[in-house]
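Visitor: Handing you this structure, nothing more for now.
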Amino acid sequence: MQNLSFLHVDDQPISLEKVVKYLQFSGKLGHFIGDILRHYVIEQELKKREDISISPAVIEQAIIDFRLQNKLTDPNIFQEWLKNNGTDYETFHATIAFSFKLEKLKIAITESKLQEYFIKRKIFLDRVVISRIIVDNRELAEELHAQIEEGASFEQLAKEYSLTDDRIVNGMMGPVSRGSIPDRLRAAVDKASPGEVVGPVELEERYGLFRVEQFLPASLEDTQLRQTLQNELFEKWLAEKIQKLTVKLQLK
């Protein structure tokens, strides 16, 4: 390896062995090898699959769209852009094709597992919008709850009495994951209707009143969420594949 020139700096060759040592010194060798193994696993999987193919017309259209969006329609300007980004048209074309194949591979790997994974993660994916009033003793919390039931403004009481920073926005916590809510509070919130105030609920030696504003249930119809879960499943699959590899680093 030491005789293989990886690049030249000021006309001085830097061997592949030295590159590896530089990466070791900087603590980045692990990430570097990880990226290599990642691409290796994906490449090997794509070779085995006959169900993943991309029409050349789709790739060409994607390149055209990219050039239009980035004002690279002039051939000379496009060539200059390729040069400045350390690539050429052939490599750029291959990169676009690979990105399409990768997306199809993700779907092929994850589609059969997606529903089950979604169900397992749903408690953390569902969100609820909550406002709160946090005080340091139960008696005050009960008194404030009574005032609210008699018609007092939740927002005004939050500003006057709540101990948390969100009192300046009327106690509005915003959307929070159901899975991140303490069990005791989640049980009360799940039984409530929008607009209902629950509590006092004791949390970390404080007492809270919580108004349920809105439930935001997760759904696989949400394209962004679906893609996020596919990416998580794909990364898990990749990690399992990489763990099974036998890897040897040969410096000499």
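Visitor: How do 8, 145, 93, 39 line up, fewest other C-beta atoms within 10 Å first?
Guide: 8, 39, 93, 145
Visitor: For residue 191, list the lysines whose Cα falls under 27 Å from its own Cα; do not include residues on the same chain fewer than 8 positions away.
Guide: 120, 122, 159
Visitor: Check cross-link reach from residue 248 to the lysines: straight Cα distance under 20 Å, and skip same-chain residues fewer than eight apart.
Guide: Straight-distance partners of residue 248: 18, 21, 28.
Visitor: Report the FRET efficiency, 1/(1 + (r/R0)^6), for residue 205 and residue 169, where r is their Cβ-Cβ distance and R0 is 25 Å, rounded to 0.05.
Guide: 0.55
Visitor: Right, next: So what is the calculated 222 nm ellipticity per residue for the chain, using -39500 (n - 2.57) for each DSSP H run with n of 4 or more, over all residues, to the nearest 500 deg cm²/dmol?
Guide: Calculated from helices alone, the mean residue ellipticity at 222 nm is -18500 deg cm²/dmol.
Visitor: Between 160, 43, 111, which gets the highest mean-square fluctuation from a Gaussian network model of the chain, Cα cutoff 10 Å?
Guide: Comparing 160, 43, 111 in a Gaussian network model of the chain, the most mobile one is 160.
Visitor: Sort 223, 110, 228 so that the residue with the fewest other Cβ atoms within 10 Å of its own Cβ comes first and the one with the most comes last.
Guide: 223, 228, 110
Visitor: By its C-alpha gyration tensor, with a ≥ b ≥ c as the square roots of the eigenvalues, how is the range 198-252 shaped: rounded for a/c under 1.5, else prolate for a/b larger than b/c, else oblate?
Guide: In terms of gyration-tensor shape, oblate.
Visitor: Here's something else I'd like to know. Within the range 224-241, name every residue whose backbone N is under 13 Å away from a label modeled 7 Å from Cα of residue 114 along the Cβ vector.
Guide: Correct set: 224-234.
Visitor: Using the count of nearby Cβ atoms within 10 Å as a rough guide to exposure, how do 88, 126 rank from fewest to most?
Guide: So the ranking, lowest neighbour count to highest, is 88, 126.
Visitor: Within the set of other residues whose C-beta is less than 14 Å from the C-beta of residue 193, count the net charge using Lys and Arg as +1 and Asp and Glu as -1.
Guide: Charge balance in the 14 Å sphere: -1.
Visitor: Could you give the length gained by full extension between residue 221 and residue 246, i.e. 0.36 nm per residue of separation minus their alpha carbon distance, to one decimal place?
Guide: Gain on stretching residue 221 to residue 246: 5.0 nm.
Visitor: Please compute the modelled spin-label separation between residue 190 and residue 214, points set 7 Å along Cα→Cβ, answer in nm with one decimal.
Guide: 2.3 nm
Visitor: Something else about it: So how far, in whole Å, is the C-alpha centre of the range 69-84 from the one of the range 142-190?
Guide: The two parts, judged by their Cα centres, are 55 Å apart.
Visitor: Just to check I understand the Karplus step: with θ = phi - 60° and J = 6.51 cos²θ - 1.76 cosθ + 1.60, what whole-Hz values come out for the range 193-206, glycine and proline as x?
Guide: 9, x, x, 7, 9, 10, x, x, 10, 7, 9, 6, 6, 10
Visitor: FRET efficiency for residue 142 and residue 33, Cβ-Cβ distance as r, R0 = 41 Å, nearest 0.05?
Guide: It comes to 0.10.
Visitor: So, R0 is 51 Å and r is the distance between the beta-carbons of residue 150 and residue 99; what FRET efficiency does that work out to, to 0.05?
Guide: Between residue 150 and residue 99 the formula returns 0.25.
Visitor: Please give the peptides 22-29, 137-144 ranked by average Cβ packing (other Cβ atoms within 10 Å per residue), highest first, as a rough proxy for protection.
Guide: Answer by packing, highest mean first, reads 137-144, 22-29.
Visitor: Among [x] 53, 36, 35; [y] 81, 45, 39; [z] 50, 49, 32, which is the computed Cα extents along the principal axes in Å?
Guide: The value matching this structure is [y].
Visitor: Now for a different question. Please list 3J(HN,Hα) in residue order for the range 144-151, calculated via the Karplus relation 6.51 cos²θ - 1.76 cosθ + 1.60 where θ = phi - 60°; whole Hz, with x for glycine and proline.
Guide: Coupling constants for the range 144-151: 5, 4, 4, 4, 5, 5, 8, x Hz.
Visitor: For residue 83 and residue 231 in one chain, what is 0.36 nm times their gap in residues minus the Cα-Cα distance, to one decimal in nm?
Guide: Extending this stretch completely gives an extra 50.1 nm.
Visitor: If the chain between residue 176 and residue 5 were fully stretched, how many nm would it gain, using 0.36 nm times the residue separation less the Cα-Cα distance?
Guide: 56.2 nm
Since every read-out is calculated from the coordinates, none of them should be taken as a lab result. On a predicted model such as this, the values are computed, not experimentally measured, just so you know. Every residue, glycine as well, gets a Cβ built from its backbone with ideal geometry; the counts of neighbours run over all protein chains shown.
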